[in-house]
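Trainee: Supplied in structure tokens, the structure appears directly below.
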Amino acid sequence: MRISARNTLTGAVKTITLGEVNAEIVLDLGNGVELTSTITRHSAERLGLAVGTAAHAVIKSSDVMIGVD
């Protein structure tokens, strides 16, 4: 994954809560640290996110995005 953002945190998907339009994704970053992000349900499905999936939190300006390799 090549991106312009310099701030990425890597972890594993801990929970996924699907809504009608959005999905809440909780990443386990290790050492008891968790990060929560809300993305569209379509994006969560397109990325193939599932509990245990390795994923990256990408932080740029005011946005936190989820990415997978």
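Trainee: When the label point is put 7 Å from the Cα of THR40 along its Cα-to-beta-carbon vector, which residues of region 14-32 have a backbone N closer than 14 Å?
Mentor: 20-23
Trainee: Working out 0.36 nm times the residue gap between ALA50 and ARG2, then minus their Cα-Cα distance, what length gain in nm do you get to one decimal? Present the calculation step by step, with values, prior to reporting the outcome.
Mentor: On the way: separation 48, 0.36 × 48 = 17.28 nm, distance 2.22 nm.
Between ALA50 and ARG2, full extension yields an extra 15.1 nm.
Trainee: Which loop GluC sites (Glu not before Pro) in region 1-43, with loop taken from DSSP, have no more than 14 other Cβ atoms within 10 angstrom of their Cβ?
Mentor: Here the sparse-neighbourhood loop sites are GLU20.
Trainee: Return the whole-Å distance between the Cα centroid of region 38-69 and the Cα centroid of region 3-17.
Mentor: Centre-to-centre (Cα) distance: 6 Å.
Read-outs: derived from the displayed coordinates by stated rules, not from any lab. All values derive from a computational prediction rather than experimental measurement. Every residue, glycine as well, gets a Cβ built from its backbone with ideal geometry; the counts of neighbours run over all protein chains shown.
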